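Read-outs: derived from the displayed coordinates by stated rules, not from any lab. Every value quoted in this text rests on a predicted model; they were computed, and no experiment measured them. Glycine gets a Cβ as well: all are built from the backbone with ideal geometry, and neighbour counts include every protein chain shown.
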Amino acid sequence: MAKVPAVKLNDGNKIPQLGLGVWQVPDEQAASSVKEALAAGYRSVDTAAIYGNESGVGAGLRAAGVARKDLFVTTKLWNDRHGYDDAHKAMDESLEKLGLAYVDLYLIHWPVAGSAKFLDAWRAMVEMKEDGRARSIGVSNFTQANLEQLMASSKVTPAVNQIELHPGFAQRELRAFHARHGIATESWSPLAQGAITKEKVILELAKKHGKSPAQVTLRWHLQSDLIVIPKSVTPARIRENIDVFDFELSEDEMAAIDGIKEGVRLGPDPERFGK
Ligand SMILES: NC(=O)c1ccc[n+]([C@@H]2O[C@H](COP(=O)([O-])OP(=O)(O)OC[C@H]3O[C@@H](n4cnc5c(N)ncnc54)[C@H](OP(=O)(O)O)[C@@H]3O)[C@@H](O)[C@H]2O)c1
C-alpha cells in the first residue's frame, strides 16, 4: 500500500502530503468514497461545513476501522460564522456531524471580501487549538494582505493556507510569501477540476512515464512541496491518485510543467468573494 510522506507544520504537527477532497460529494456518497480511500491507503480527508457531507465523511471514517490517531481530518468554517461566538458554535456543530472529539486541521474557508471579521474567527480558533478541538488551525483562500492583517493581530501564524493551485495557476508569489512565514501551501482543485487531463505537456509526460495525466500532475504538486487533496468519487481514480510514489519527474520535466502558460483561476477571486 502507498506510503504517503508527511509534511511538518509550523506548530510541530504533521499532515499527510496527499489526501482526499470531498467537495461536491453528496452526503450519501461521502461514506463510501472515504472508506474506499482509506482502504487504498489515504489517511487524510478534506471536507467543510458548507459541503454538507460531514456526517457522511464521519460515517466513512468509522466504517474503515482505522485508529483515530492515524487519521487526519480537515474541516472549514463557513463565511457566515465569522463572529467569535458563532465560530465556537460552528466548530461544535462540525464535530457533532463528523462524530469526532477533535479535527486535525480547522480552516477559515474564505476571508470574506470587505470584512475583517475573520480576525474574530481566528481569535476563537486559537482557543480551539488550546482546548484541543483543533490540533492545527489555518486558513483558506487568504491573500497576502489577508495573511498580513491576521498575523499582525495574533501571535499564532496559520499552519496552512489552502488555495486554488494547479499547473497554469501556480500562485508563485503567494507561495514565496508562505515559505518566508512558515505557512504550508495546500493545493485545491489540484487537477484543475479534471481539465488537466487535456494539457499537452502533461499528456506527453504521462505517455513517457506510462502514468495517467492526473498522476503526472499530482507528482508535480508533490515535488513542488505542496500538500494536495485530489477529489474523486470513482473508486479506480481514488486508487490511481494515490499510486504516485513509484516514479519521479526529472528537473527538466518539472520545468516543462512549470512552463505551462499561466491561465485563469477556476474558482472565485478571494478579493471579491463575499457572503
Ligand atoms: N478551500 C476551498 O475553497 C476549496 C475549493 C475547491 C476545492 N477544495 C478542496 O479541494 C478538493 C479538490 O478540488 P476539486 O474537487 O475542486 O477538483 P480536483 O481534485 O482538481 O478535480 C476533481 C475532478 O477531477 C476528476 N478526477 C479525479 N481524479 C481523476 C483522474 N485520476 N483522472 C481524471 N479525472 C479525475 C473528478 O471526477 P470524479 O469525482 O467523477 O472521479 C472530478 O471531476 C475538493 O474536493 C475540496 O476538498 C477547497
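Before moving on, here are some points about what is shown:
- For region 148-275, the ratio of Cα radius of gyration to the globular rule of thumb 2.2 N^0.38 Å stands at 1.12.
- Amide H contacts of Ala113 (H built 1.01 Å from N, under 5 Å, at least 5 apart or other chain): Phe273, Gly274
- Placed amide H near Trp188: partners under 5 Å, 5+ positions off or other chain: Ile163, Glu164, Leu165
- Our coupling estimate for region 174-187, obtained by passing each phi through the Karplus curve with A = 6.51, B = -1.76, C = 1.60 and θ = phi - 60°, is 5, 4, 5, 5, 4, 4, 5, 10, x, 9, 6, 9, 10, 8 Hz, Gly and Pro reported as x.
- Whole-Hz Karplus values for region 17-28 come out as 6, 10, x, 9, x, 10, 4, 6, 8, x, 3, 5 Hz, taken residue by residue from phi with 6.51 cos²θ - 1.76 cosθ + 1.60 and θ = phi - 60°; glycine and proline positions read x.
- Projected-area mean, region 142-193, by convex hull of Cα positions, square nanometres: 3.4
- Among the listed pairs Lys14/Lys155; Lys231/Lys261; Lys208/Lys231; Lys3/Lys76; Lys76/Lys200, those beyond 28 Å (Cα-Cα): Lys76/Lys200
- Taking the DSSP bridge list for region 157-275 and keeping only pairs wholly inside it, about 10 percent are antiparallel.
- The packing ranking, built from the mean of other Cβ atoms within 10 Å per residue, places the peptides 157-170, 248-261, 135-148, 83-96 in the order 157-170, 135-148, 83-96, 248-261, highest first.
- Cut-off under 5 Å, modelled amide H: who pairs with Gly19 long-range: Val228, Ile229
- Measuring between their Cα centroids, region 157-195 and region 212-275 lie 11 Å from each other.
- Calculated P(r) of region 1-135 - Cα pairs past 20 Å, %: 44
- 3J(HN,Hα) along region 125-131: 5, 4, 5, 5, 5, 5, 8 Hz, from the Karplus curve 6.51 cos²θ - 1.76 cosθ + 1.60 with θ = phi - 60°, whole Hz, x for Gly and Pro.
- With a Förster radius of 30 Å applied to the beta-carbon distance between Ala116 and Asp27, the computed FRET efficiency rounds to 0.35.
- Axis of helix 213-223 versus longest Cα principal axis of the chain: the two differ by about 60°, to the nearest ten degrees.
- Relative contact order computed over region 178-224 (Cα-Cα under 8 Å; 6+ residues apart), in percent: 33
- Beta bridge orientation in the chain: antiparallel %, DSSP, nearest 5: 15
- Reach of Lys89 by Cα under 15 Å, taken over aspartates and glutamates that are not fewer than 8 positions away in the same chain: Asp80, Asp120, Glu127, Asp131
- According to the Kirkwood relation over distinct C-alpha pairs, the hydrodynamic radius of the chain is 18.8 Å.
- Likely footprinting exposure, Lys8, Lys97, fewest C-beta neighbours within 10 Å first: Lys8, Lys97
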